[in-house]
Amino acid sequence: MPPSHATDPRHVAITEPVRDSAIPVQLIYVEMIDGVYAPIGLRLPAGDGPFPLVLFASGNGGGGMAVVQDFTQNRSWTQERFLAAGYAVAWMRYRAEVDYAYDRVGKLVEDRRQNRQLLNRGPLEYDDVIAIAECVKTLPGIAADRIGYMGMSHGGEMAFKIASEYHGIRAMIACEPAAHEFLRLKPDATAHVNPSTGLLNVERMLMREPEKVRGRITADIATQRMRTIETPIFVQGRNSDELQGIFRVCYDLLVELGKPAQWSSYDHDVHGFVYVRRNEQGVYEPDAVQIRAVDDSIAFFDKYLKSRR
């Protein structure tokens, strides 16, 4: 008996309108390496493809499709600018960060046992992004060789984790990258343990000065991880952020290792300012700094994603 439902359970895609936009979103579940699914919200610009695609990540993971829907409807002024510039775009969610798991485990390896999949460890959040990148390359209308990634905060740190192991993304932006784990930052007295969980909050450390950060990272490990990066990375700082020193050190290490890198820092008081949110009246009102940062971001991707190799 044929199935009674109209949607293919193995390829779930639901189209929804986007508030104040003529371009709808395709809500898609993407299979991860271990068989579970992560959600993305894919939008294609008007015209004929194939289009270069930029994957957008914000902060830590979790929240599922509800977060994809919320970001698409309420934090997508930036994506609208990308769409107007001829890019396909996709918000995505991935599993939650596992505290310092990246430091305890190596690269994910897939093998077979008794004709079934065998992994050397459980996938982490950045492994999900790699799986999403591989999936979107197969979708209609997408230029498989022109995939970009823009990550903010923990999403910015993931840019470094991904690029150090995977070379299937052509260009990346790391905005305000909270890369203390990637750099193996050694905590000081300003880092506090949450008494209810026992987890150390390294992000509470005051790390505005690059010189102080350089003295606290594990330099040999950070350099080893950076050395395998081939992807051009645009590191975006924020002048008033308490982790500004970490942002700058990420860029400095790339340059010292001869990696293709770009740096800009912006004077803004909102963490995650590159992803403009609707205001209390429900409209987008980007300021001059946000407009410049997004223009800079599009110009960076234009350099790497608009031309074929």
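The values are calculated or read from the model by the stated rules, or taken from the named source; none is laboratory data. Keep in mind that what you see is a predicted model, and the values were worked out from it rather than measured. Reconstructed Cβ throughout: ideal geometry from the backbone, glycine too, with neighbour counts over all protein chains shown. Ligands, DNA and RNA are stripped out before the accessible areas are found, and what is left, the full protein with its side chains, is counted by its heavy atoms. Shrake-Rupley method; radii C 1.70, N 1.55, O 1.52, S 1.80 Å.
Keeping to pairs on different chains or 8 or more places apart, tell me how many lysine pairs in the chain have Cα atoms under 24 Å apart.
So the count works out to 15.
Take ARG121, ARG248, ARG19, ARG116 and sort them by solvent-accessible surface of the protein heavy atoms, 1.4 Å probe, largest at the top.
My answer, sorted largest first, is ARG116, ARG19, ARG248, ARG121.
In the full protein assembly as shown, how much of MET65 is accessible to a 1.4 Å probe, in Å² to the nearest 10?
Only protein atoms counted, so the area is about 30 Å².
Charges at C-beta only: +1 for Lys and Arg, -1 for Asp and Glu. How large is the resulting dipole of the chain about its Cα centre, in Debye rounded to 20? Don't jump to the answer; show the numbers that get you there.
Values: 36 positive and 40 negative charges, 149 e Å.
It works out to roughly 720 debye.
What order do ASP20, ASP127 take when sorted by accessible area (1.4 Å probe), most exposed first?
On the way: ASP20 130, ASP127 15 Å².
Greatest to least solvent exposure: ASP20, ASP127.
Working out 0.36 nm times the residue gap between ARG104 and GLU242, then minus their Cα-Cα distance, what length gain in nm do you get to one decimal?
Working: separation 138, 0.36 × 138 = 49.68 nm, distance 2.63 nm.
Extra length from ARG104 to GLU242 when fully extended: 47.0 nm.
Can you compute the charge dipole magnitude of segment 215-276 about its Cα centre, using +1 on each Lys and Arg Cβ and -1 on each Asp and Glu Cβ, nothing else charged? Give it in debye, rounded to the nearest 20.
200 debye
Heavy atoms only, 1.4 Å probe, whole protein assembly: order TRP263, TRP77, TRP91 by accessible area, highest first.
Order by accessible area, largest first: TRP263, TRP77, TRP91.
Along the charge dipole of the chain, which of THR72, PRO39, ILE169 sits closest to the positive end, that is, farthest toward it, with unit charges on the beta carbon of Lys, Arg, Asp and Glu (+1, +1, -1, -1)?
Of the options given, the answer is ILE169.
Tell me which of GLY122, LEU27, LEU243 sits at the most positive position along the dipole axis of the chain, charges placed on C-beta atoms (Lys, Arg +1; Asp, Glu -1).
GLY122
State whether segment 22-149 is rounded, prolate or oblate according to the following rule on the C-alpha gyration tensor (a ≥ b ≥ c being the square roots of its eigenvalues): a/c under 1.5 gives rounded; otherwise a/b larger than b/c gives prolate, and the remaining case gives oblate.
prolate
Mind grabbing the accessible area of GLU285 for me, 1.4 Å probe, Å², rounded to tens?
Surface accessible to solvent at GLU285 totals approximately 130 Å².
Please report the spacing between the Cα centers of segment 28-107 and segment 229-257 in Å, no decimals.
22 Å
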